[in-house]
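Reviewing the structure listed below.
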Amino acid sequence: MGFLNKLTVKLQERKIKKIQREIERLREASADKHIKKSEPSLKDSLVDPETHKVKFSLNNKYIKTDSSFFLLMIVVVVTAGLLGTTTFYQSKLNNINEDFTAKVVELDKVKADLLERENNLNKLQTDLQVKEKRENELEDVFEDVKSEKDELKDKIKLLQSENADLQSEIDKLEATIRKLEDDNDDLKQQLAGS
């Protein structure tokens, strides 16, 4: 309230000074009337000779309150309202801007993460394709080896059966050889004994 009191005092001092100038002007005008005896011109009644400003002398005939103080209060209230709303909306705008910036940063992080995942997926896909190619090649080789193995098993069985047949023939031939050797020994004994 100290500011408003000082402002009111200054306004009242200005009015008092204005009234004092008006009184001095009227005294000078009355002194000039004694000298000139002519009517004052319209310019003399509307322009202050000291300040050379246009003046309106209402002498509080129609306005009973201090209108300049009332207007000042309206200006102060409107200004305070504008300042308040400006501050409020500025803070809201700052909050929205901060939220937007945070969302942009978050989206950039998500984008970077997605790009990294995409790169990893591409790498895994190429690795998988290479593995599938190798697997197909190995499967072909495995099929070849398996068929070769089956052929070799068949050959082994055939050779084992041939071996068994040959072994039985060897056994027969050895039995025949022993029999012939025994017969030969018997004949040698008969020849030696005769």
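The values are calculated or read from the model by the stated rules, or taken from the named source; none is laboratory data. Computed from a predicted structure; not experimentally measured. Backbone-built Cβ (ideal geometry, glycine too); neighbour counts: all protein chains shown.
Here are some notes:
- Exclusive hit being surrounded by fewer than 10 Cβ atoms within 10 Å (Cβ to Cβ) and either modelled with pLDDT of 70 or more or basic (Lys, Arg) (or both), set Lys43, Lys92, Lys36: Lys43
- Test for Leu191: is it loosely packed, with under 10 Cβ neighbours inside 10 Å and of a type in the set (A, V, I, L, M, F, W, C): yes
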